[in-house]
Structure formats: C-alpha cells, structure tokens
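A.B. asks: Submitted below is the structure of interest, expressed as structure tokens.
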Amino acid sequence: MRRVLVGVGVGIGVAGFVLALSTALPTTHVQAAAAAGAGQDSADLKMYTDKVVPIFQANCYRCHGGMNHRGGFVMDTKAGMAKGGHDGSVIVAGHPEQSLLVKLIRHEGPNKDDPMDMPPNKPKISDADIATVEQWVKAGAIMPDDVAK
C-alpha cells in the first residue's frame, strides 16, 4: 500500500487536489480504475461493483472469469467484455435489447435450435438480477478500466 503525502498549495486546481488525495489514501482496485478512467461516473462504477459483479460472480465467472474463457469469452475485465467471445460482441452499451448477454441471461438466445441460454443447464437467473444487468447495460455498461496486475 502506497502512502505519499503531496503538498497541496493554492492554485493547483481540482486535478492537482485529486492527485494529491489519491496518492495519500490507500488505493483499491475500483478507486484506481475510477481515477484512471476520467469521465467514468462513480455512481455507474458503484452500480457495477456493488450490484452487477455479484450477479456475474454467482452465475457467470465459473465459466467466464479468471482463467476460464469458455466460448472465448472472459467477462471479469473490461477488455474481455469489450472483445466478446467466439460469437463476437456481447454488449451494445445503452441498448440491452440488442445485447447478446441480455438475450442469453433471459434465455432468449438468438438461435432457437441451439439457444445457448446462460447459465447453461441451469434455471434462468432471477428477474430482479436480469433487470439489474439490463439497467447497467442501458446506463452504458460502465466498468472499471483494467488495472495491471
């Protein structure tokens, strides 16, 4: 954990103050990503980390998180989510109705003969969890930027 106190003088502006504050406080993954991703709304990042990640952890990461890339898709990183899987992009930010991810968790896969419902061979996730993912996609599918490990 890095703790450096940077002097804050008059006239350094908001950016200098934020930089000074961010170097003086312990840094979490989300704080570092939020600082690196200027323009990302902290409320949208909070929605992702507090509401969406637990849904993905409980239902998706077993096959699409960490070292698991079933279907060529990893969803626990921004880069992985943007890349999609063997079938291409899974999210159309702002448009849950056009997003493959939403169709799959609704069990409304694109091909009725091979629907690819997610999670596979399990009941559909709760309507409340689906609504949360839809709301996140509609808000722009904001995720923290990937942080070097």
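A.B. asks: Among the numbered criteria (1) exposed (fewer than 12 other Cβ atoms within 10 Å of the Cβ); (2) modelled with pLDDT of 95 or more; (3) under 15 Å from the mean Cα position of the chain (by Cα), which one does Ala131 miss?
C.D. replies: (3)
A.B. asks: So Ala82 fits all but one of (1) free of Cβ contacts under 8 Å to residues at least 12 places away in the same chain; (2) surrounded by fewer than 14 Cβ atoms within 10 Å (Cβ to Cβ); (3) under 12 Å from the mean Cα position of the chain (by Cα); what number is the exception?
C.D. replies: Exception for Ala82: condition (2).
A.B. asks: Still on this structure, please answer the following. For the range 53-64, state whether one or more residues are of a type in the set (A, V, I, L, M), surrounded by 15 or more Cβ atoms within 10 Å (Cβ to Cβ) and closer than 18 Å to Asp117 by Cβ.
C.D. replies: Taking every residue of the range 53-64 in turn, at least one turns out to be of a type in the set (A, V, I, L, M), surrounded by 15 or more Cβ atoms within 10 Å (Cβ to Cβ) and closer than 18 Å to Asp117 by Cβ.
The values are calculated or read from the model by the stated rules, or taken from the named source; none is laboratory data. Since this is a predicted model, take the numbers as computed values, not measurements. FYI the Cβ positions are ideal-geometry reconstructions off the backbone, even for glycines, and counts take in every protein chain you see.
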